[in-house]
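Report on the structure given below.
The values are calculated or read from the model by the stated rules, or taken from the named source; none is laboratory data. Note that this is a predicted model, so its numbers are computed, not measured. Cβ sites come from the backbone with ideal geometry, for glycine too, and all protein chains shown count toward neighbours. Side chains are part of the model used for accessible areas, which takes the heavy atoms of the whole protein and leaves out ligands, DNA and RNA. Shrake-Rupley method; radii C 1.70, N 1.55, O 1.52, S 1.80 Å.
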Amino acid sequence: MIAEATRMHDAPAVAVSALRIDFPLERGRSVTALGPIDLDVAAGSFVAIVGPSGCGKSTLLRAIAGLTQPTAGSVRVADAAPATLIAQHQLGIAFQEHALLPWLSVRENIALPFHLAHRSVDAARVDELIALVGLEEFSNARPRQLSGGMRQRVAIARALVLRPRILLLDEPFGALDAVTRRQLNIELQRIWWTQRITTILVTHSIDEAVFLADRVIVMSPRPGTIRNDVGIELARPRGREVLSQPAFHALTDELARALDAA
Amino acid sequence: MTRTPVWPVVAGVIATAVVWELIGRTQAFGPSWAPLSTVIAWAFTPEHRGLLADGLLQTGSEALMGLVIGSCAGIALASLAVIVPPLAPGLGAFASLVNGIPIIAVAGVCVLTLPRDATPVVVAALAVGFIVFVATSSGLASPLAVQRELFSVLGASRLARFGRLALPSALPALIDGLRSAAPSAVVGAIIGEWFAAERGLGPMLVAAMQNYAIEQLWATALAGALLSIAAYVVLGALRGVVAARFS
């Protein structure tokens, strides 16, 4: 409770205010993809964003990642522009596509952020992450030799290796089969619990959102705005058993209704 | 990776040899079409063998030098266009312009302006440069959008993007370009020799035509073609190795 109270006084890790993003169409016209959005994410929390296809949830994540510029409003990450955090190599990201470099081994792919940050590779940290995602036996394998689920684990290890201030996950398990996806959700929950990095996850899956997050944001169809903001009070660490608890189902039902209404 | 089966190649070579031989024997296209057997017999008599080997060595080394120099220039220009984006349109136009000059005209100018023995190498390099430039440019543009975005979010410098993403991604296309360029290097070297040189396949072709030495003409042409094919095959094998590693 004390930890919660101190957290309240910290500046939010991510502060999105009056954000609007328009996409240009032909002949100078444009369409509003997103906004206005106001969203504060507390340091150390895990926030999931769900919404119908095309509602702009990935666009919101991309704006926080500095990949898309706001048309209006602002995005502050750790009280700075995303570009500042990028320059300090303090953002971690994983996409639906693994984006691994095919010519590098698992170990080299995970070590890549050290090189891009012009730091010497911390081999112990790389080993720690290889162990954390359970790929010790594959550390010298190349991406083409791995299954889809293993590749996403490598991508998540790579996102975490520099201990970023913020971890951004854009549908990281969206292309995986249901069984692998559930397994990786359980693993991601465990990994997150050991690292406690402020995390924003964009997902289509309500189950995934409820299982992983402290807070689930439901967005409306385009132009996406925040429709619901639901706290998830399930105790951590959460294991497989959470998935069959009545409280879990009550939350997923509530969110499913909110999403249908959206 | 699926391997191209060998038998169609073998069948093609045999068919070509048979057709060549038949046309020569029947004189369907006149007396200046020497049958393959006669050409080979000419090529393997001791004095001609030395002559051909000397020509092949000369032209081959010029073509190789031209391939190396032209490739370096093509890779350097394509890389510069990526590292300094404002230069890209200008460099592309420059490369197209140089490529647009007929190779014969280039050779003529080289003879007038360069040392004699430099002409074949320079012409070969020019023939190669544009092909490698285009292949490298397209290879450097090949990383996936998501890979570029990853590098953006991780705060990669422009040089790191180039060295750690664009260049390794470009290697298969680059080697492909080298393979396509290798026969052009041989042709470029021969055309360069044609104007100026005293040794090599080019002067042997000139001498054969002037003296109506039919067998020498065909044997020299065949030697040039084999040189091109050899370069193509060697670089094709290299491409297989690189593609397996980098894609």
>> Which residue is surrounded by the fewest Cβ atoms within 10 Å (Cβ to Cβ), if the candidates are limited to the range B:195-247 and must be among the hydroxyl-bearing types (Ser, Thr, Tyr) and on the phi < 0 side of the Ramachandran plot?
In response: B:SER247
>> Looking at B:LEU144, B:LEU150, B:LEU165 in this structure, which one is of a type in the set (A, V, I, L, M, F, W, C), surrounded by fewer than 22 Cβ atoms within 10 Å (Cβ to Cβ), at the interface with another protein chain (Cβ under 9 Å from one of its Cβ atoms) and farther than 16 Å from B:ALA88 by Cα?
In response: B:LEU144
>> Criterion first (in a helix (DSSP H, G or I) and either without any contact (Cβ under 8 Å) to a residue 12 or more places away in the chain or away from chain A (no Cβ under 14 Å) (or both)) does B:ALA208 satisfy it?
In response: yes
> Restricting attention to the range A:11-29, which residues are surrounded by fewer than 13 Cβ atoms within 10 Å (Cβ to Cβ), of a type in the set (Gly, Ala, Ser) and more than 18 Å from A:LYS57 (Cα to Cα)?
Replying inline: A:ALA11, A:GLY28
> For the range A:102-133, how many residues meet the condition of being within 9 Å of another protein chain (Cβ to nearest Cβ), among the aliphatic types (A, V, I, L, M) and crowded, with 22+ Cβ neighbours inside 10 Å?
Replying inline: 1
>> Restricting to the range B:166-205, name every residue that is under 17 Å from B:SER79 (Cα atoms) and among the acidic types (Asp, Glu).
In response: B:ASP176
> Scanning the range A:53-75 for residues that are open to solvent by 40 Å² or more (accessible area, probe 1.4 Å) and in contact with a Pro (Cβ under 8 Å, 6 or more places away or on another chain), which turns out modelled with the lowest pLDDT?
Replying inline: A:GLY54
>> Could you go through the range B:184-191 and let me know if any residue there is assigned to a loop (DSSP other than H, G, I, E, B), open to solvent by 20 Å² or more (accessible area, probe 1.4 Å) and of a type outside the set (A, V, I, L, M, F, W, C).
In response: no
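Any residue at all in the range B:169-183 that is within 21 Å of A:VAL161 (Cβ to Cβ), open to solvent by less than 30 Å² (accessible area, probe 1.4 Å), facing another protein chain (nearest Cβ under 10 Å) and in a helix (DSSP H, G or I)?
Within the range B:169-183, not a single residue is within 21 Å of A:VAL161 (Cβ to Cβ), open to solvent by less than 30 Å² (accessible area, probe 1.4 Å), facing another protein chain (nearest Cβ under 10 Å) and in a helix (DSSP H, G or I).
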> What number goes with the only condition from (1) farther than 30 Å from A:THR32 by Cβ; (2) touching a residue at least 60 places away in the same chain (Cβ under 8 Å); (3) within 13 Å of another protein chain (Cβ to nearest Cβ) that A:ALA65 does not pass?
Replying inline: (1)
> Counting only residues that are open to solvent by less than 90 Å² (accessible area, probe 1.4 Å) and at pLDDT below 90, which one in the range B:10-32 is farthest from B:TRP218 (Cα to Cα)?
Replying inline: B:ALA28
>> So, in the range A:157-184, how many residues would count as being open to solvent by less than 20 Å² (accessible area, probe 1.4 Å) and farther than 20 Å from A:LEU243 by Cβ?
In response: 9
>> Which condition from (1) open to solvent by less than 60 Å² (accessible area, probe 1.4 Å); (2) at pLDDT below 95 is the one that B:SER71 breaks?
In response: (2)
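Among strands (runs of 3 or more DSSP E) lying entirely in the range A:185-255, which contain 2 or more residues that are aliphatic (A, V, I, L, M) and surrounded by 21 or more Cβ atoms within 10 Å (Cβ to Cβ)?
Those strands (runs of 3 or more DSSP E) span A:198-202, A:215-219.
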> So which residues in the range A:73-95 are in a loop (DSSP other than H, G, I, E, B) and at the interface with chain B (Cβ under 8 Å from one of its Cβ atoms)?
Replying inline: A:GLN88, A:HIS89, A:PHE95
